[in-house]
1. What is the residue count in segment 74-99 for residues that are within 22 Å of residue 17 (Cα to Cα) and free of Cβ contacts under 8 Å to residues at least 24 places away in the same chain?
2. Could you list, in sequence order, the residues of segment 47-68 that are open to solvent by 60 Å² or more (accessible area, probe 1.4 Å) and not hydrophobic (A, V, I, L, M, F, W, C)?
3. Scan segment 100-110 and tell me whether some residue there is within 15 Å of the chain's Cα centre (by Cα), in contact (Cβ under 8 Å) with a residue 24 or more places away in the chain, open to solvent by 60 Å² or more (accessible area, probe 1.4 Å) and under 20 Å from residue 18 (Cα atoms).
4. Do you know which residues across segment 51-76 are within 13 Å of the chain's Cα centre (by Cα), among the hydrophobic types (A, V, I, L, M, F, W, C) and farther than 21 Å from residue 112 by Cβ?
5. Tell me which residues, restricted to segment 77-93, are more than 13 Å from the chain's Cα centre (by Cα) and either acidic (Asp, Glu) or within 15 Å of residue 54 (Cα to Cα) (or both).
6. Taking into account only those residues within segment 69-90 that are surrounded by 15 or more Cβ atoms within 10 Å (Cβ to Cβ) and closer than 19 Å to residue 3 by Cβ, which is modelled with the lowest pLDDT?
7. For segment 24-46, enumerate the residues that are in contact with a Cys (Cβ under 9 Å, 6 or more places away or on another chain) and open to solvent by 30 Å² or more (accessible area, probe 1.4 Å).
8. Would you mind stating whether residue 47 is within 21 Å of residue 117 (Cβ to Cβ), modelled with pLDDT of 95 or more and in contact with a strand residue (DSSP E or B) (Cβ under 6 Å, 6 or more places away or on another chain)?
Amino acid sequence: QVQIVESGGGLVQPGESLRLSCAASGNIFALNGLGWYRQAPGTQRELVAFFNFGGTIYYGDSVKGRFTISRGNTKSTVYLQMNDLKPEDTAVYYCFAQIEGIQNDYWGQGTQVTVSS
């Protein structure tokens, strides 16, 4: 059993910044990485960033140069620093965990990010 909790979403104007937090707990001894998906109303889910604790980091094309994923003091926590936010970044952001030996990822409940003037 793995639990994922996200936080840090909110309402900001274009050009402003937010930092999202993700914390994994429970049976995480085989945690391979933590990442973020987002989904806006009427759109397909989009992979935003992934921090593989083996040493690789992925960013979606739409956020490269603006978003940064980083690890906390332990590997059970990651952050997503989102700079120069745009209206098209508006979505529910979901943290997910990849566990070695388990095909299905674990997901959090999501945190709403709204970018609007």
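1. If we filter segment 74-99 for residues that are within 22 Å of residue 17 (Cα to Cα), which is where we start, we get 77-96.
Still in the running and free of Cβ contacts under 8 Å to residues at least 24 places away in the same chain: none.
Qualifying residue count for the region: 0.
2. So in segment 47-68, the residues open to solvent by 60 Å² or more (accessible area, probe 1.4 Å) come out as 54-58, 61, 64-65, 68.
Across segment 47-68, the qualifying residues are 54, 55, 56, 58, 61, 64, 65, 68.
3. yes
4. Selection gives 51, 57.
5. Filtering segment 77-93 down to residues more than 13 Å from the chain's Cα centre (by Cα) leaves 83-88, 90.
Selection gives 84, 88.
6. Here the residue is 75.
7. To start, the set of residues in segment 24-46 that are in contact with a Cys (Cβ under 9 Å, 6 or more places away or on another chain) comprises 24, 34-37.
Result: 37, single match.
8. Values: within 21 Å of residue 117 (Cβ to Cβ): no; modelled with pLDDT of 95 or more: yes; in contact with a strand residue (DSSP E or B) (Cβ under 6 Å, 6 or more places away or on another chain): yes.
So residue 47 does not fit the description; no.
The values are calculated or read from the model by the stated rules, or taken from the named source; none is laboratory data. Predicted, not measured: the structure shown is a model, and the values here were computed from it. Please note: Cβ atoms are built from the backbone with ideal geometry, for glycine as well, and neighbour counts cover all protein chains shown. Calculation scope for accessible area: heavy atoms of the full protein, side chains included, ligands and nucleic acids excluded. Shrake-Rupley method; radii C 1.70, N 1.55, O 1.52, S 1.80 Å.
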